[in-house]
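Notes for the one structure printed next.
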Amino acid sequence: MSLPVTAKTNKKGHLEIGGCDLVELAREFGTPLYVLDEKTLRDRCRDYGDSFKQAYPNSEIAFASKALCTIGVSKLIASEGLGFDVSSGGELYTVLKAGADPKKIYFHGNNKPPREIDEALAAGIGRFMVDNEQELGQIERAAEKMGVRANIMVRVNPGIEAHTHEFVQTGRIDSKFGVPLDQLDSFLAAVKKCKMVHLTGFHAHIGSQILDVKPFVEETRLLLDLTLKYGTAEIGLGGGIGISYLPEQKPPTIREFAAAIAGVLRGKTEAKLILEPGRSIVGQAGVTLYTAGVVKEIPGVRKYVITDGGMADNPRPILYDAVYEAVLANKAKAEAEEKYRVVGRFCESGDILIKEASLPRVTPGDILVTTCTGAYNYSMASNYNRVPRPALVMVHNGRAAVVVRRESYADLVKNDAD
Ligand SMILES: Cc1ncc(COP(=O)(O)O)c(C=O)c1O
């Protein structure tokens, strides 16, 4: 089970993370509750920084803030020396508030609103990752109006299919993202006509939760070819390697991932390599605590355990069949003896967190923990059924700090007009 690196079972038989007893955290902060382990998060930032610097020194790691974007988390990540990939004005605003170095901000998106382009230019961000020709025109006009130069990387569609869910594949030919390779020359001719836009290199992103280095190696070769052909200075490889949500998912280590990519580039180019991992930085650091409510048995069919959260705090299973494991924090030493479908409290039959979880016998009031929820959970959460979003706490050395406070009913209606 991929728990945070500080996870252990304490004398009470409770699961502990960052020196904090999860049963006590549930009591103090309520459930559902997102818990993030500072040590795991810092370790992963360092794994990426060190592995890539060693394998290919001219490299930069920019955290994909879409995976988890809050001021506190961004501050911690910036303190580890990472830059940021942002894909909206809101993410840009958040990481700037956290004190991110604007020069290390990479602005993505396949239809950046003009206002957000202006905000990014005014902030002096490092690079616009340009997705199409219309956007190029928008950036040129905005830069001209502001009298500033915009450095861009072109996002190409590499036509690489990776083995991951269709909705998190982005490099296929039939994709809304990126400039198709057969349109690249005409795109570059348009770049040449721009006065305020300067092209630094090519970028691609083949998808997320990819557990094999091969498609990344293929992508790196393609970007290297473009870099050599057009004499550009930077290569943007997109997101990081996948993570182990289930024991049978065995991704390569970050070191192996870095070595495979560096193996393509070393000796062939001096171009700067930019990588934007999200999931593999924050995923394993996070767990979500729920209180088990109704336990329902349909004889001959299955047993259900209904939590006080579900698809609004973790929409990944209903969106793309994402898989998770669970454990009971208050029965961490007990053997798994029953199979349960772990579901949520929301008004959708598809509100399933885990189709079949092996757990000790569940009784109402147990603290059920889903693991590997640090990435794309809080950042994708909604207020469906007008349920306030949970709090997020960061744990370290026996202390828990609130990084995002729990929403209140007042928060839910604060933008409503009569
Ligand atoms: C352009 C881009 N970069 C980086 C990422 C982060 O990917 P991951 O979380 O798999 O590392 C994504 C995620 O979809 C992305 O679209």
Projected label distance in nm at Asp101 and Lys193, using a 7 Å step from Cα toward the beta-carbon: 3.7 nm
Those lysines that a straight Cα-Cα span of less than 25 Å connects to Lys303, excepting residues fewer than 8 apart in one chain: Lys331, Lys333, Lys339, Lys355
Hz values of 3J(HN,Hα) by residue in the range 82-94 - Karplus curve (6.51, -1.76, 1.60), Gly and Pro given as x: 7, x, 9, 9, 10, 10, 6, x, x, 5, 4, 4, 5
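Which whole-number percent gives the relative contact order of the range 236-387, counting Cα pairs below 8 Å spaced six or more residues apart? Display every interim value, and only then the final one.
Details: 290 pairs, mean separation 43.4, N = 152.
Over the range 236-387, the number comes to 29 percent.
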Entries in Lys112/Lys195; Lys39/Lys272; Lys145/Lys192; Lys39/Lys75 that, when Cα-Cα distance is taken, lie over 22 Å: Lys39/Lys272
Theoretical ellipticity at 222 nm over the chain - DSSP helices of four or more residues, -39500 (n - 2.57) apiece, nearest 500: -8500 deg cm²/dmol
Rg over Rh [alpha-carbon atoms, Kirkwood Rh] for the chain: 1.00
Contact order normalised by residue count of the chain, Cα under 8 Å, 6+ apart, percent: 21 percent
Top positive-direction residue, dipole computed over the chain with Cβ charges, set Phe187, Gly147, Ser79: Ser79
Under 5 Å, built H, 5+ apart or other chain: amide partners of Arg389: Glu407
For Gly236, distant residues with modelled amide H under 5 Å away: Phe202, His203, Ala204, Ile274
In Å, descending, principal axis extents of the Cα set of the range 38-281: 52, 39, 34
Radius 11 Å from Cβ of Phe257, net charge of other residues (Lys, Arg +1; Asp, Glu -1): -2
Highest to lowest packing among 406-412, 1-7, scored as the average C-beta count within 10 Å: 1-7, 406-412
Rounded to 5, percent antiparallel among DSSP beta bridges of the chain: 45 percent
Crossing angle, helix 133-146 versus the chain [Cα axis fit, 0-90 degrees, rounded to tens]: 80 degrees
Straight-distance crosslink candidates among aspartates and glutamates, where the alpha carbon sits under 17 Å from Lys268 and sequence neighbours closer than 8 are dropped: Glu218, Glu219, Asp225, Glu234
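Taking neighbour counts of Cβ atoms within 10 Å as a proxy for exposure, in what order, fewest first, do Lys355, Lys97 appear?
On the way: Lys355 15, Lys97 12.
Fewest-to-most ranking of Lys355, Lys97: Lys97, Lys355.
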Normalised contact order of the range 38-281, rounded percent, pairs of Cα under 8 Å and 6 or more residues apart: 21 percent
FRET efficiency for Lys75 and Asp182, using Cβ-Cβ distance with R0 set to 35 Å, rounded to 0.05: 0.20
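Rounded to the nearest 20 debye, what is the charge dipole size of the chain about its Cα centre when +1 sits on each Lys and Arg Cβ and -1 on each Asp and Glu Cβ?
For this selection, approximately 640 debye.
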Ordering of 270-279, 257-266, 222-231, 296-305 by burial proxy (mean other Cβ atoms within 10 Å per residue, highest first): 270-279, 257-266, 222-231, 296-305
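Bear in mind that the values in this text are calculations on the coordinates, not laboratory data. Since this is a predicted model, take the numbers as computed values, not measurements. Here Cβ is always computed from backbone atoms with ideal geometry, including for glycine, and neighbour counts include all displayed protein chains.
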